[in-house]
Amino acid sequence: MGQRSPAPRLLLALPLLLVLPPLPRALRGARCPEPCNCAPDSALRCPGPRAGLTRLSLTYLPVKIIPSQAFRGLNEVVKILIQNTKNLVHIEPGAFTNLPRLKYLSICNTGIRMLPDVTKIFSSEFNFILEICDNLYITTIPGNAFQGMNNESITLKLYGNGFEEVQSHAFNGTTLISLELKENIHLEKMHNGAFRGATGPSILDISSTKLQALPSYGLESIQTLIATSSYYLKKLPSREKFTNLVDATLTYPSHCCAFRNLPTKEQNFSFSIFENFSKQCESTVRKPNNETLYSAIFAESELSGWDYDYGFCLPKTLRCAPEPDAFNPCEDIMGYDFLRVLIWLINILAIMGNLTVLFVLLTSRYKLTVPRFLMCNLSFADFCMGLYLLLIASVDSQTKGQYYNHAIDWQTGSGCSAAGFFTVFASELSVYTLTVITIERWHTITYAVQLDQKLRLRHAIPIMLGGWIFSTLIAMLPLVGVSNYMKVSICLPMDVETTLSQVYILTILILNVVAFIIICACYIKIYFAVQNPELMATNKDTKIAKKMAILIFTDFTCMAPISFFAISAAFKVPLITVTNSKVLLVLFYPVNSCANPFLYAIFTKAFRRDFFLLLSKFGCCKRRAELYRRKEFSAYTSNCKNGFPGSNKPSQSTLKLSTLHCQYSAVLDKTCYKEC
């Protein structure tokens, strides 16, 4: 009952002419049922009374209008089917009047422009079914559209139409068991008061619509909510509105998180239509001989919030699908409270530290050397990492406790894409720049005497330009379909479903591991190059070894855990959950971004000198700045007086010794601030 005609879809699209040449072959079998008049280009009339007429099927007919009182007197009719009648463009108000036995009315695949008037049917049948489907020209469900149709419970099947809006009080005066609005692909708005004046519905199906929000009133009665392929419905009303919900089939897994761990007071499974059902159930199960009443109780239990199990009436537990997966567990962006505190401390440290370094380096009175230039690039990359952490922390604080309602907008929106781009770009540019800085130091010490092989700014600029281009391309690939930033709430490219995505992730991780190996190898060579008995004392060997160990340790701490777990995940054998991976994100991933400005700049003597000289321009720390000026002048005059004794030109060994002293100082201070 209520099924669509099995006529082929192709035939449903064929235009039916009012004044024919002969009807198509498939329509020649269509005949006008008695007592109706279905002459072409005329109004349909089915005058009664007619004894014994319980079913009226009007399909493939060439009628254009159904006038008022068309079915007058058909007091015994139970079912009326008006289907596949594309010529029908208008059903006049009052066409369906006083049909007390009518239980099923179907109006499908017609050309009508307005929702037909069904308010004068006055059916007294329980669970009256109205099916209005595939009428592509009906755009609105007006207020009071179904009032007076039936004084008992009704089921509305309003699917596949051209609906764009459901107005306020649309279902006023009805007792709804089920409301199907599925496949109305143009339906965008459902007024907040659409269910005002109505009881129910118990079942609501809004699948495959463009609804962006559900009405805030009338959701308390819903026990079954179906919203599959409803991609525009990204936010649900407060979960307190769904006090009777027991079964939900939704589009996004995150929405099911709203219905987990509801407080006991919210798990009220009584339904207004059957609010006394539990008492009936308990009293009925004690009367096993009353089979009729026993069966009725089970029928009602399907629509109520109760299950019958081993002689007991128990409240149903809420079922929701699709279940949240391992990539999107039911939690806030920061799964733990301590991470929520740490991420703010770390992102502020990274942003302020790197901004300070950039400002001091770019405003210093000393010329821009290769080490300064590289440090500027490193600070900018680490600053971008700080911006990523700031963005994640801000969204987490805004969505705390209700992330399930913001997950889709965030993960599919431009905010998450921007955050993902920042973190991948910053990470790769930082690793690239660290590698270049390390190689530059090794090269400078190895070729200390060969001044013609010294790295100049004109060489460093294209090298870093290549790093910027490489990092930008790597960060943009997830935006064009190679993996994506939407998989997880922290906006990292964790999608490895396709082979191309796996190759992308593995390539990044392998390049980072290779960069770490290069950094370690270069620092080991630097250490052995400066370990010279004639050059320094043993305690200085220990000092430089410790400082190099710190540099390598910070790189290892940042790269090793991330790379290890990411490589396992890339092969679809994850060794850590997304929840725990957020610990890595906060505690290990940004280690370099926080440590680099301090290890490579702020803790060096040259940076402190530039910093206090800069402050003195603003009237601060003048005494400290003057001290640095005197020290610099004293060192300069001392070198001029001492010179190289015994010769106007130093020997090759003396020049090498002097140059190595300079480069060793650069290693101790982490970066050179002037040419040696």
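The values are calculated or read from the model by the stated rules, or taken from the named source; none is laboratory data. Given the structure is predicted, the values throughout are model-derived calculations rather than measurements. Heads up, the Cβs are rebuilt from the backbone with ideal geometry, glycines too, and the neighbour counts pull from every protein chain shown. Remember, those area values only see protein heavy atoms, side chains included, never the ligands or the DNA or RNA. Shrake-Rupley method; radii C 1.70, N 1.55, O 1.52, S 1.80 Å.
For region 107-140, residues that are buried (at least 23 other Cβ atoms within 10 Å of the Cβ), more than 14 Å from Asn75 (Cα to Cα) and of a type in the set (Ser, Thr, Tyr) total 1. In region 301-354, the residue that is surrounded by the fewest Cβ atoms within 10 Å (Cβ to Cβ) out of those that are touching a strand residue (DSSP E or B) at 6+ places or on another chain (Cβ under 7 Å) and either modelled with pLDDT of 85 or more or farther than 30 Å from Gly200 by Cβ (or both) is Ala321. Those helices (runs of 4 or more DSSP H) of region 339-453 in which 1 or more residues are in contact with an Asp or Glu (Cβ under 7 Å, 6 or more places away or on another chain) and touching a residue at least 24 places away in the same chain (Cβ under 8 Å) occupy 370-398, 414-446. Could you tell me whether any residue of region 392-401 is over 25 Å from the mean Cα position of the chain (by Cα) and open to solvent by less than 10 Å² (accessible area, probe 1.4 Å)? The answer is no, given that none of the residues of region 392-401 is over 25 Å from the mean Cα position of the chain (by Cα) and open to solvent by less than 10 Å² (accessible area, probe 1.4 Å). List the pairs whose first member sits in region 467-489 and is buried (at least 17 other Cβ atoms within 10 Å of the Cβ), whose second member is among the small types (Gly, Ala, Ser) and part of a helix (DSSP H, G or I), and whose Cβ atoms are under 7 Å apart, counting only residues at least 6 apart or on separate chains? Matching pairs, first to second residue: Pro478/Gly420; Val482/Ser501; Ser483/Ser501; Tyr485/Ser417; Tyr485/Gly420; Ser489/Ala407. Checking Leu465, Leu434, Leu455, Leu387 one by one, the residue that is among the aliphatic types (A, V, I, L, M), in contact with a helix residue (DSSP H, G or I) (Cβ under 8 Å, 6 or more places away or on another chain) and modelled with pLDDT of 90 or more is Leu387 and no other. Could you tell me whether region 202-212 includes any residue that is touching a helix residue (DSSP H, G or I) at 6+ places or on another chain (Cβ under 9 Å), buried (at least 19 other Cβ atoms within 10 Å of the Cβ), more than 26 Å from Tyr403 (Cβ to Cβ) and not aromatic (Phe, Trp, Tyr)? Within region 202-212, one or more residues are touching a helix residue (DSSP H, G or I) at 6+ places or on another chain (Cβ under 9 Å), buried (at least 19 other Cβ atoms within 10 Å of the Cβ), more than 26 Å from Tyr403 (Cβ to Cβ) and not aromatic (Phe, Trp, Tyr). Quick check on Tyr104: is it touching a Phe, Trp or Tyr at 6+ places or on another chain (Cβ under 8 Å), crowded, with 16+ Cβ neighbours inside 10 Å and of a type in the set (Ser, Thr, Tyr)? Yes; evaluated as a whole, the condition is true for this residue. Of all the criteria given as (1) within 21 Å of Gln167 (Cα to Cα); (2) without any contact (Cβ under 8 Å) to a residue 40 or more places away in the chain; (3) surrounded by 20 or more Cβ atoms within 10 Å (Cβ to Cβ), the one not satisfied by Leu236 is (2).
Within 19 Å of Phe128 (Cα to Cα), open to solvent by 40 Å² or more (accessible area, probe 1.4 Å) and modelled with pLDDT under 90: is that true of Asn75 in this structure? In short, yes. For Thr499, which of the numbered conditions (1) under 29 Å from Leu374 (Cα atoms); (2) at pLDDT below 90 fails to hold? Evaluating Thr499 over (1) under 29 Å from Leu374 (Cα atoms); (2) at pLDDT below 90 leaves (1) as the failure. Do we find a residue being under 29 Å from the mean Cα position of the chain (by Cα), among the aromatic types (Phe, Trp, Tyr) and buried (at least 18 other Cβ atoms within 10 Å of the Cβ) anywhere in region 152-166? The answer is yes; a qualifying residue exists.
The set of residues in region 170-182 that are assigned to a loop (DSSP other than H, G, I, E, B) and buried (at least 19 other Cβ atoms within 10 Å of the Cβ) comprises Ala170, Phe171, Thr174, Leu181, Lys182. Per the listing Ile112, Ile107, Ile132, the residue uniquely of a type in the set (Val, Ile, Thr), assigned to a loop (DSSP other than H, G, I, E, B) and under 15 Å from Thr85 (Cα atoms) is Ile112. Elements of the type helices (runs of 4 or more DSSP H) sitting completely within region 565-630 and holding at least 1 residues that are of a type in the set (A, V, I, L, M) and at pLDDT below 70: these cover 605-617.
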